[in-house]
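Let me begin by presenting the structure, written as structure tokens, before commenting on it.
The values are calculated or read from the model by the stated rules, or taken from the named source; none is laboratory data. Computed from a predicted structure; not experimentally measured. All Cβ positions, glycine included, derive from the backbone under ideal geometry; neighbour counts span all protein chains shown.
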Amino acid sequence: MKKTINNFCRNTLGLYRKFQNRVFGRHEYGQMPKGVECNVEKFKYDENHGDVVHPCVRFVKEGFEGHKWWMVYTPYYKADASLENPILCYSDNDEGVPPTEWHFYCEVCSKPGKGYNSDPNILFNDGNLYVFWRENETLETAKRGYCRATFCGMIKNGKVVKINEPLLFTSDEEEDAEVSPTFLKRDDDEYVAYAMHLKFHSKFIRRQSMLIRKLLERIALIFDLVGIWSQQKYFGYAIWKGANLNNKMERSETVKFNNCNKLWRPWHMDLFEHKGRLYAIVQTNQCNADLALAYSDDGRNFTFFNKPLLTNNNINMLGLYKPTGGVTDNGQFYLYYTAQAPENRSLNKLFLTTIDFEQLQKKLQ
């Protein structure tokens, strides 16, 4: 009986979302194929079951420690935040061939005594490979008076040398302007970080007694599922700037995406540069997400293309999450993303799909 009711609710919600998508012009299918599943060398498999989320992939043309392709990711098996300890990998394909085989290099940071890690990122600059990760309510953030902060480490001889001072930070428990940051080095020698600026929960609901709070949270969940109201608020993407990676960066402003569908609340993203233009690959919602592409000609204002890259419908999977990618020298756009098979929602797998970038941009218009 319970299974029948659950199936009825899912089917009803599915029909409602189809109607809602049509009303607001949200496309049901993306413009890229599903691609192929990647093989990531196992590390602490008994704990994380080979789960992969939050990938960040970078190609290093001149190579670093003998390898040209680098990826950092975090496991998130069964949505267990305690497993989100960044793992660094490498691969040895040529530039024109994004790899599907990844080899373990090192664990960037282990499980903290309190809180959890998340949102890793990679930057190669001046012969050095830097890895970034966000610490949430850890002892390291608490002793500095923060709730969350993004730290940086330099890779040296197979290890991560952590830089003591966090680059991005917040003291607010519910509002954070450094979610899923991407770090870039600009032509003017300035470091820039782009990160989502979000509020996670309603402070009003959080202040209520336990009984009232549980009731209000159930109501809020229903409202969120049908797209009426959400505790989570999207303010835009924050832009942080700094002169180096040894000191705190300053948040200059928060800007909203142009041409953002009314049903999207952007959650995570990754950025890359190509032919003088900056692109953002965006996970459009925390749940029931599409993957979309936005572009910027001034490094500040991003505009979404009209159609998404991928949706759950055109890959027949669920749980699309934070993507990463770029364009090769031969003009191929490569997109790495994670998703879950309908029969196993506990496990996130990594996929790679590619397409000619000029052709893709025409399809997205």
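Among the residues in segment 251-273, are any small (Gly, Ala, Ser) and either over 16 Å from Pro181 (Cβ atoms) or touching a Cys at 6+ places or on another chain (Cβ under 7 Å) (or both)? Break it down into steps so the answer makes sense when it comes.
The initial filter retains those residues of segment 251-273 that are small (Gly, Ala, Ser), namely 252.
Filter again for either over 16 Å from Pro181 (Cβ atoms) or touching a Cys at 6+ places or on another chain (Cβ under 7 Å) (or both), leaving none.
No, there is no match, as no residue in segment 251-273 is small (Gly, Ala, Ser) and either over 16 Å from Pro181 (Cβ atoms) or touching a Cys at 6+ places or on another chain (Cβ under 7 Å) (or both).
With the requirement that a residue be farther than 23 Å from Trp102 by Cα, in a loop (DSSP other than H, G, I, E, B), in contact (Cβ under 8 Å) with a residue 60 or more places away in the chain and of a type outside the set (A, V, I, L, M, F, W, C), what does segment 307-345 give you?
Lys307, Pro308, Thr311, Asn316
Assuming His274 fulfils every condition listed in (1) under 28 Å from Glu173 (Cα atoms); (2) in contact (Cβ under 8 Å) with a residue 40 or more places away in the chain apart from one, which condition is it?
(1)
Among strands (runs of 3 or more DSSP E) lying entirely in segment 22-108, which contain 1 or more residues that are closer than 30 Å to Gly227 by Cβ, among the β-branched types (Val, Ile, Thr) and under 16 Å from the mean Cα position of the chain (by Cα)?
Ranges flagged: 53-64, 67-74.
Of all residues in segment 23-53, which are farther than 12 Å from Ile315 by Cβ and small (Gly, Ala, Ser)?
Gly25, Gly50
Would you point out the residue of segment 259-278, among those that are buried (at least 23 other Cβ atoms within 10 Å of the Cβ) and not hydrophobic (A, V, I, L, M, F, W, C), that is farthest from Ala193 (Cα to Cα)? Break it down stepwise before answering.
Initially, segment 259-278 is screened for residues buried (at least 23 other Cβ atoms within 10 Å of the Cβ), giving 266, 268-271.
This time we only want the ones that are not hydrophobic (A, V, I, L, M, F, W, C), so: 266, 268, 270.
On the way: Pro266: 16, His268: 13, Asp270: 11 Å.
Top of the filtered list is Pro266.
Considering only segment 217-231, I want to know if a residue exists there that is under 20 Å from the mean Cα position of the chain (by Cα) and among the aromatic types (Phe, Trp, Tyr).
Taking every residue of segment 217-231 in turn, none turns out to be under 20 Å from the mean Cα position of the chain (by Cα) and among the aromatic types (Phe, Trp, Tyr).
Anything in segment 142-187 that is crowded, with 18+ Cβ neighbours inside 10 Å and touching a helix residue (DSSP H, G or I) at 6+ places or on another chain (Cβ under 7 Å)? List them, or say none.
If the condition is that a residue be crowded, with 18+ Cβ neighbours inside 10 Å and touching a helix residue (DSSP H, G or I) at 6+ places or on another chain (Cβ under 7 Å), then Cys147, Arg148, Ala149 are the ones that fit.
Which condition does Lys78 not pass, out of (1) under 20 Å from Phe132 (Cα atoms); (2) in contact (Cβ under 8 Å) with a residue 40 or more places away in the chain; (3) of a type in the set (Lys, Arg), if it passes all the others?
Of everything listed in (1) under 20 Å from Phe132 (Cα atoms); (2) in contact (Cβ under 8 Å) with a residue 40 or more places away in the chain; (3) of a type in the set (Lys, Arg), Lys78 misses just condition (1).
Tell me the residue from Gln332, Gln365, Gln359 that is out of contact with any Cys (no Cβ under 9 Å at 6 or more places or on another chain), among the polar types (S, T, N, Q) and within 21 Å of Cys56 (Cα to Cα), please. Can you show your working first?
On the way: Gln365 fails: within 21 Å of Cys56 (Cα to Cα); Gln359 fails: within 21 Å of Cys56 (Cα to Cα).
Testing whether each residue is out of contact with any Cys (no Cβ under 9 Å at 6 or more places or on another chain), among the polar types (S, T, N, Q) and within 21 Å of Cys56 (Cα to Cα) leaves just Gln332.
Taking interchain pairs and intrachain pairs at least six residues apart, which have beta carbon atoms under 6 angstrom, with the first residue in segment 172-184 and touching a residue at least 40 places away in the same chain (Cβ under 8 Å) and the second part of a strand (DSSP E or B) and of a type in the set (Ser, Thr, Tyr)?
Glu178/Thr150; Pro181/Thr150; Thr182/Tyr194
Cβ contacts < 9 Å: first residue in contact (Cβ under 8 Å) with a residue 12 or more places away in the chain and more than 17 Å from Pro75 (Cβ to Cβ), restricted to segment 113-127; second residue among the polar types (S, T, N, Q) and outside any strand (DSSP E or B), any location; separation 6+ or different chain. Result?
Hits for this filter: Gly113/Thr138; Lys114/Thr138.
When Lys256 is evaluated against the numbered criteria (1) surrounded by fewer than 17 Cβ atoms within 10 Å (Cβ to Cβ); (2) at pLDDT 95 or above; (3) in contact with a helix residue (DSSP H, G or I) (Cβ under 9 Å, 6 or more places away or on another chain); (4) within 23 Å of Trp229 (Cβ to Cβ), which criterion, by number, is the only one it fails?
(3)
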